[in-house]
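The values are calculated or read from the model by the stated rules, or taken from the named source; none is laboratory data. The structure presented is a predicted model; accordingly, all values stated were derived computationally and were not measured. Please note: Cβ atoms are built from the backbone with ideal geometry, for glycine as well, and neighbour counts cover all protein chains shown.
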Amino acid sequence: MSLARRLLVRQHFLSDCFVRAASNAARLKYDVVVVGGGHAGTEAAAAAARTGAETLLITQKIQTIGALSCNPSLGGVGKGQLVREVDALDGLMGRAGDRAGIHFSILNRSKGPAVWGPRAQIDRGCYREFIQSELLNMPRLTVIEGSVEDLLLSAADPEQPGKHKVTGVRMANGGGEILSGSIILTTGTFLSGSLFMGQTTSPGGRMGDPPSCAGLSHCLREVLGLKVGRLRTGTPPRLVKDTVDFSLTELHLPDSKPVPFSFVNKHTQCKPEEQLPCHLTYTTPGVDKVVRESLNVNSHIHQDTRGPRYCPSIESRVLRFPGRQHQVWLEPEGLTSDLVYPQGLSMTMPPELQLRLLREIPALRRVEIRMAGYGVQYDFVCPTQLFPWLQMKNVQGLFLAGQINGTTGYEEAAAQGLWAGVNAGRIALSLPPMSLSRTESYIGVLIDDLVGRGVTEPYRMFTSRAEFRTALRPDNADLRLTPRGFEEVGCVSWQRYQEAVRVSRGLGEALSALQSITLSSFQWREKLGHFSISETKSTLISGKEVLQYKDVSFDLLASAFPDILSPYLEFSERLKIEAVYQPHCEKQRQEMERMRKEESLALPQDIDYFSLPVSLSDEVREILDRARPSTLGAATRLPGITPAAIIHLLRFVTKVGVTTGEAAYMQVRGPKPDCWRGASVHERDREKATVVQS
Amino acid sequence: MFFVTGWRSALLINVTRLCKSASSEDTIFALSSGQGRCGVAVVRVSGPASVDALRSMAGLTRRLPAPRTALLRRLLHPHSKELLDRGLVLWFPGPHSFTGEDSVEFHIHGGPAVINGILQALGSLPRLRPAEAGEFTRRAFHAGKLDLTEVEGMGDLIHAETEAQRRQALRQMAGDLGQLYNDWSLQLKQSLAHVEAFIDFSEGDLIEDGVLYEVDVAVSQLRVEVEKHLSDERKGERLRSGVQVVIAGSTNVGKSSLFNILCQRPAAIVSPVAGTTRDVVETPLDIGGFPVLLSDTAGLRDTCDCVEREGVHRARQTVEQADLTLVVIDTAQLPQDLLMVPGLLSRYLKMVLPNRKDEQCLLVLNKRDLLPKSHIAVIQRVLQQNPGLPPLSILSCHNKEGLEDFLTLLQDRIKTLCGDPLASSPSLTQTRHRTHLQKCVDALAQYYQYRDTDLALAAEGLRSGLTSLGRITGKVGAEEILDVIFRDFCIGK
C-alpha cells in the first residue's frame, strides 16, 4: 500500500463495501481514475461507477470530499435547474442537498415555473458527511488519499483523433503509478493556484489545504501543449454568529413547505419548523471609504486577471457602482454552527481592514472574524479544446470537469463532473461517447457554451443562456433526462427509472383525461363557479384548456370531476404547469428540431480550415480554426459565421444520428463489437431491487 | 413502454429523437431565378402548405395537376382574386422534389411588378413565409437530396444572394430606415436584458420592480411604433420606374428636404445655400403601393452660373414630362396681406408650370413652423374662396407637421393617375422585412399577455420579438444580453 496513504474511515463506514473497497485499492489498474474530490470529482466518480466502470477517486484529503468551499448554499435561479438535472441523471447533489438543507426556498415563485429556482442553505458538515458516505459505500468505486504528480502518456492511437494518449497517473512522493485509459481531472482552483490577502500571496487553491498540482500544471501546459488562461475568484470572511446583532437586520424566512431538490425524495431531512432563517443587511458609505483606503494594500484587486462580473468582491462592486447601498446576506453555516457567512462581502484586503470594513455595517458593529476572506487566482484550461463529452480533443482518454474548465459554482461543476464521468466510463467500457443537446437540458447548454465559445470570465449558469427555457424547466428535468439516462446513457438506476416512468405515465394519462372532458363555456361556469372564461367562445372547451386559465387549479377541476381526475391529484402542480406551457413549447418545437438537426451534423476535428478548397473568407476560416466547432450547429452559433459559410461547410459534415459529435469520433474509431456492458450492470441492479422489494 | 413514449412526445420532451414528420416545418417561398429583369421568373414554394398555395393561387379547387407536369393557369391573388399573371405551375409532391418536401413552382413573367405581386400574394397565405438565405439548400441537404458536390455550387449562389443583401442592408443602414430598425433592435435588447436581469438576479440583488415598469412603457411604445410603421403605406424605395412625380419651385424653398422625407433617406444634399441642387435627382419610390419615380430639381431662377443654368433648363424639361408636379413654395415668400395669397400662388404656378393642368399638380407650402398658427387658418379660408387653384398642403419638412395630410392627398392623386391595381408591389426585401416586423409585433403582444402571471413566458415574447427583428438587423446573442445586464446592474449574489 505504498502507492497512496490508506484511507481512514470512520467506524460506521466499515461495512462489507468498505472491505471490498479496500481490496480494490490494491489494484494498480482502473477503468476510470478521477483526480479531485470536489463537486465535479465526486459526481464524476459516482457517475463513472454507475455506468459500470471500476473507478478510483484520488483526493488529497478524504475529510474534504464534498466540502462547500465558499457559500453554504445550493441551487438558485438557473443553478437550481442544474441540480435538478444532475439529480434526474441519478447524481448525488440533489439528494445531498435534501439531506443537508436547513433553509429551503423556491426563488422566483412569482415569475413563472420555467424560472423557478430551487435553493437551500446547507449545513456544511452534514453535506460532506452525506457525500462521503455515498461514495465510500458505492459499488465499483475506490477512494484513496494522495496527490497526483504527473500523467502517464503514450503514443496516440492513430485510429482516433488526438496527438497524445493517457495511460495512467503517477502519484507524488514516490507513490507509484496507477494505470487507466480514462482519466478525469477535476482539480478546481489548484492548477497554479495562488491565494491573495492584502499584499501577501501564497501558493494554493483553498485556504488550509496544501498547494498541489504543480506537476500536473507542467504536464498540461508544457508536455501536452494545452492552452490555459487565468481567472480569479474570492470568498468572504466567516463571522462569529454571537457577535452579530441580528436585531438590526431584515429577517428572511424559508418556505413553510420545503420542496426537495431530488425527484426521489418526498420530503427534506430538515423538518419545516426546524429550518433556520437568513438575514439581510446593507453596506454603508463607511464601507466604501474603507474599500478606497485599502486599495494600496490590496494586490488582488490590481491584478489584470479576469474576475466574474457577477458575484464580484465588495471592492469591485464599490469601484464599479460607487455611492450605492449593496445587499449583504447573513447566511447560517449549519444547524449547530457558530459561524455566519456574509454573502456579498467577498474581499481580499488585509484582515485588519476587513474587520474595520465589516464594523462599518450597523449589525456587525461588534463582529469578530473567524477566518478572513481571501482571493484565489488559478489557471483554467481553455474549454474550446474539449469535445462536447468533455474529453480533450488532443489527448485520448483525458477528461476535464469543473472549475478547471473556467466555470464557477458547485452546480456547474457537478453537472460537468457527472457528464465527464458518464463518458469516461463509457469510453473505458468501449461504448461510444454521448453529448447532451441544448434543446434538452441546461447541462447541454453549459457544455455547449464552454466548448463552443470558450470563457472570458468564470462561467456561471443563468436561465437567460438557455434559448429553450420554457421547455427546460426544473419541474420536468426527470421527464427530460431520466429515461434517456437509463435507456441510452446507462447512468440511472432501475428504481429511479421506474419512478420516472410511473410519473410520466401518470401525467400522460391525466392530460388525456383532461383533454377528454369537453364542455361549453356556459357549462364550465356552472361547474366551476365564476371565472374569467370568455363569453363569446362558442366551441367546446377541454379541461386542458380550462386549466390554462389563471384562476383554475387542477385541484379545482378534480373536485368537479372526482371520478376522472382524483387519481392524479399527486401531480396537481406539475399538471397545471404542463397545461400552461405546452402551447408555448409547441411553438418552439420547430426551432428545437432545426437546432437538433444541425447538432447532428458533425464536423471532422482534423479539418484544416485554412486549406479547405471552398470559398470561405479568411475571417471565417480564422473563426472556424480558432473555435473548431464539433458540429454544424455549434458553427452556426459562432459570432461572425455567415449563412453562406454554413452552406459551404455542409459539404464536409458527416451525417449521423441524433446523439451527435460522438459519431464523428466513432467514425474514425470504428464501432466496437462489445455492446452495452452498462446494461448488464443495470440488470444486476434490477435484480437487487427486486429482492429488496420482495 | 408505450405510455412513456406517447406521453413524452405529447409533452415535446422527446428531445432525443428526431421527429420524422416534415409537417412541423414552415412552408417557405422565394424567387429562385436571379433578381432583376428577366424574361421568365421562377418562384419556388416548399413545405407542407405548398399544395394549399398552389390551389389558391392557380384556382385549382378540385384536381391537382399531374406531378412534374407544366400546366398553364391564370394566377390570382388568393384574397382579392385579382389577376396577377398567366404562367406555368408545376406540382412536385414530396419526396420527389428538390427539397424532398411537397413543392410548387410558378413560372411567371419576369417583370418586377409581376414577381412582387406573386410573392406578396404568397406571403398573405397562412403558414407561408419568405425563405431565409440558403434555406432551400439546407432543406434539400437534410432530406438527402443534394449531391455534396452540388452544395458548393449552391453555396456560391447563396453567397451572391447574401452579398447582395449585405450591400442592400448597407445602403439601408445609411438611411433612416436602417437607423429605425437598429434603434428598435437596441431598445428591445435593452428591455429584454432588464427583464432577464429581473428574472435571474432580482432575488438577492437590488433590482427593483421599477425596472419592469420601464420595460412596460418601452415595449408598448415600440409596439405602437412598429405597428404604425407597418400600416404606413409609404413602403420605401422600389425597384422599377412608375408614375413620374417632380418636385419643383424656386430656390431654397425646401424641395430637397421634401424629397428626402418622401424617400426616407438623405438622397439629395440639403443646405441653406440657394442653388444647392443643380441637376435632376431621381429615385424610384413606392407610395401607397404605387410605383413612383420621384425627381428633385434645381430651383428655378435666372442665374449667370452656367452649370446652374443647365440645371434649371433640365428642371423645366422634367416638369414638362411629369405626370404630377409638386410645386413647393416657402412661407417666407407669402405677402403680408394674406388676402393676396391666391394671387401670389397663381403667379408662382405660372412661373413654375407655364402650361399647367390642375390635375397635374399639387401645391406645397413649406416651413409651416415659421408661420403663426392663426395665419394658417386664414390662408385656408382665403383659398376656399378661390376654387381656381390646385389643392394646397401646408407642412413643415423640419418638424413634419402637416405631412400626414399631404401624403394622403398625394396618394389619392397618384392612385387616380395610376389606376393600375397590379402595380401594388413592395420590393422583395420589404416583403421579408414586413413578415419579420409583423412577427415582432405579434410576439410583443405576448409580453403583455403574461406580464403579471408568468414573467418567463412574457420574456419569451420579447425574446422572439428580438429574434424576428434580428433577422433584419443581425442576431442578438445571449452574451450581448448579459453584457447589458452587467452594464446596467450591480449583480452581487
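Just a few scattered comments:
- Here the condition is being modelled with pLDDT of 95 or more and surrounded by fewer than 24 Cβ atoms within 10 Å (Cβ to Cβ); of A:Glu43, A:Glu85, A:Glu54, it holds for A:Glu54 alone.
- Every residue from region B:447-493 that is more than 9 Å from every other protein chain (Cβ to nearest Cβ), touching a Gly at 6+ places or on another chain (Cβ under 7 Å) and modelled with pLDDT under 90: B:Val476
- Selection from region B:323-349 of residues that are free of Cβ contacts under 8 Å to residues at least 40 places away in the same chain and over 16 Å from B:Val253 (Cβ atoms): B:Gln336, B:Asp337, B:Met340, B:Gly343
- Selection of first residues in region A:135-150 that are outside any loop (DSSP other than H, G, I, E, B) and of second residues that are aromatic (Phe, Trp, Tyr), restricted to Cβ pairs under 6 Å at least 6 apart or on distinct chains, gives the following pairs, ordered by first then second residue: A:Leu136/A:Phe13.
- A:Asp555 meets all of the listed conditions (1) away from every other protein chain (no Cβ under 14 Å); (2) over 22 Å from B:Asp454 (Cα atoms); (3) in contact (Cβ under 8 Å) with a residue 12 or more places away in the chain but one, namely (2).
- Meets criteria (modelled with pLDDT of 80 or more, in a strand (DSSP E or B) and among the aliphatic types (A, V, I, L, M)) for B:Val441: no
- Restricting B:Leu285, B:Leu349 to residues that are among the aliphatic types (A, V, I, L, M) and modelled with pLDDT under 80 narrows the list to B:Leu285.
- Among all residues of region A:569-579, there is at least one that is crowded, with 20+ Cβ neighbours inside 10 Å, closer than 19 Å to A:Arg473 by Cα, small (Gly, Ala, Ser) and at pLDDT 90 or above.
- Each residue in region A:463-488 was checked for being at the interface with chain B (Cβ under 8 Å from one of its Cβ atoms) and not in a loop (DSSP other than H, G, I, E, B), and 9 of them qualify.
- Yes/no for B:Arg37 being part of a loop (DSSP other than H, G, I, E, B), modelled with pLDDT under 90 and more than 9 Å from chain A (Cβ to nearest Cβ): yes
- Residue within region A:662-676 that is at pLDDT below 80, within 14 Å of another protein chain (Cβ to nearest Cβ), over 24 Å from A:Gly454 (Cα atoms) and more than 31 Å from the chain's Cα centre (by Cα) present: no
- B:Glu101 being assigned to a strand (DSSP E or B) and touching a Lys or Arg at 6+ places or on another chain (Cβ under 7 Å): no
- Where B:Ala143 falls short, out of the listed (1) farther than 24 Å from B:Gly465 by Cβ; (2) within 12 Å of chain A (Cβ to nearest Cβ); (3) at pLDDT below 65: (3)
- Residue in region A:601-609 that is within 14 Å of chain B (Cβ to nearest Cβ) and polar (S, T, N, Q) present: no
- Against the conditions (1) under 25 Å from A:Arg480 (Cβ atoms); (2) modelled with pLDDT of 95 or more; (3) within 14 Å of another protein chain (Cβ to nearest Cβ), A:Gln121 satisfies every one except (1).
- Close pairs from region A:491-519: first closer than 30 Å to A:Pro433 by Cβ, partner among the small types (Gly, Ala, Ser) and modelled with pLDDT under 95, Cβ under 9 Å, at least 6 apart: A:Cys491/A:Gly678; A:Ser493/A:Ala689; A:Trp494/A:Ala689; A:Gln495/A:Ala689; A:Gln498/A:Ala689
- Residue-level analysis places B:Cys19 among those that are within 14 Å of chain A (Cβ to nearest Cβ), assigned to a loop (DSSP other than H, G, I, E, B) and modelled with pLDDT under 90.
- Test: A:Ser294 is outside any strand (DSSP E or B) and closer than 28 Å to A:Leu231 by Cβ: yes
- The residue list A:Arg119, A:Arg140 contains one member that is basic (Lys, Arg), buried (at least 17 other Cβ atoms within 10 Å of the Cβ) and farther than 30 Å from B:Leu455 by Cα, which is A:Arg140.
- When region B:464-482 is filtered for residues that are in contact with a helix residue (DSSP H, G or I) (Cβ under 6 Å, 6 or more places away or on another chain) and either within 20 Å of A:Phe462 (Cα to Cα) or of a type in the set (Ser, Thr, Tyr) (or both), the ones remaining, listed by number, are B:Ser464, B:Leu466, B:Ser468, B:Thr473, B:Val476, B:Ala478, B:Ile481.
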